[in-house]
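Note sheet for the following structure.
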Amino acid sequence: MKNHLRVLRAEFNLSQAELADRVGVARQTIIALEAGKYAPSLPLAFKLSMVFDKPVEAVFIPESSDSSDG
Amino acid sequence: MEETINPTRQAVHRYFWEFGVSICAYVVVIALSRNYYNDVPIQCKALLALLPVIPVGFVFAAIVRFILSTDELQRRIIVNSLALAGGATALLAITYGLLEGDILPPPSAWWTYVTFMASWLIAGLCVRRHYQ
């Protein structure tokens with residue numbers, strides 16, 4: 001699943017570690033999310049969108065033929 | 001910026017602490033068990049030999065607690081690698097079992113443990129790499 005996490009993180013001037021701390025995950029999880037290698041659960045997607053004060057669909061881009069969630 | 005406590009980082013700290021203490025306890029118990037093994041009556045030998053299982057149980061509990069308290073991707077990596085390691089160990093056990101007897105000698109039970117842990121390590125590295 002594609003997302004705008006890297007761009008939003010830069011806009012909010014947050015490091016990967018800071019974003020990880022905000023949502024309570026490991027930094028490796030943020031790296032995997034930004035690389036599009038992992039599709040988050042709904043609760044994590046909501047937590048991330050709340051950090052950037054945006055709706056979930058503005059952060060994550062659903063793909064019809066998505067197979068990147070491992 | 002509001003200070004937050006990252007539950008995943010806390011889980012890692014707690015895991016290393018619990019794992020470390022349990023391993024130290026294991027080393028102490030196994031040393032005591034081996035030291036007094038010849039001094040106890042025959043009825044107590046099995047009990048003394050099995051005493052190190054208690055700290056190993058604490059290691060197991062630390063691993064389970066870590067899996068339950070870490071974040072969703074780390075949990076997925078651990079569970080996937082455990083599944084792969086279990087499958088690889090079973091495959092090797094079946095292969096060896098078919099050759100055991102005339103061709104190969106009966107293995108020590110320790111080999112199952114060593115094979116599983118080695119498979120878990122290799123599978124863990126492969127699964128982690130998949131998400132990088």
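The values are calculated or read from the model by the stated rules, or taken from the named source; none is laboratory data. Source: prediction; values computed, not measured. Ideal geometry is used to build each Cβ from the backbone, glycine not excepted, and the neighbour counts take in all protein chains shown.
With the requirement that a residue be surrounded by fewer than 17 Cβ atoms within 10 Å (Cβ to Cβ) and of a type in the set (Gly, Ala, Ser), what does the range B:77-94 give you?
Passing the criteria: B:83, B:86, B:87, B:90, B:93.
Looking at B:65, B:75, which one is within 18 Å of the chain's Cα centre (by Cα), of a type in the set (Lys, Arg), in a helix (DSSP H, G or I) and within 14 Å of chain A (Cβ to nearest Cβ)?
Of B:65, B:75, the one residue that is within 18 Å of the chain's Cα centre (by Cα), of a type in the set (Lys, Arg), in a helix (DSSP H, G or I) and within 14 Å of chain A (Cβ to nearest Cβ) is B:75.
Just the residues that are at the interface with another protein chain (Cβ under 9 Å from one of its Cβ atoms) and buried (at least 16 other Cβ atoms within 10 Å of the Cβ), please, taken from the range A:28-48.
A:28, A:29, A:31, A:32, A:33, A:37, A:38, A:40, A:44
Based on what the data block shows, is residue A:21 in a loop (DSSP other than H, G, I, E, B), more than 12 Å from the chain's Cα centre (by Cα) and among the acidic types (Asp, Glu)?
No, not satisfied.
Based on what the data block shows, is residue B:12 part of a helix (DSSP H, G or I) and closer than 30 Å to residue A:31 by Cβ?
The answer is yes for residue B:12.
Looking only at the range B:45-69, which residues are touching a residue at least 12 places away in the same chain (Cβ under 8 Å) and among the β-branched types (Val, Ile, Thr)?
Hits for the range B:45-69 are B:54, B:56, B:59, B:63, B:67.
Would you check if residue A:59 is away from chain B (no Cβ under 11 Å) and either surrounded by 14 or more Cβ atoms within 10 Å (Cβ to Cβ) or touching a residue at least 40 places away in the same chain (Cβ under 8 Å) (or both)?
Answer is yes for this residue.
Test of understanding: among B:132, B:43, which residue is at pLDDT below 90 and closer than 30 Å to residue A:16 by Cβ?
Numbers: B:43 fails: closer than 30 Å to residue A:16 by Cβ.
Being at pLDDT below 90 and closer than 30 Å to residue A:16 by Cβ holds for just one of B:132, B:43, which is B:132.
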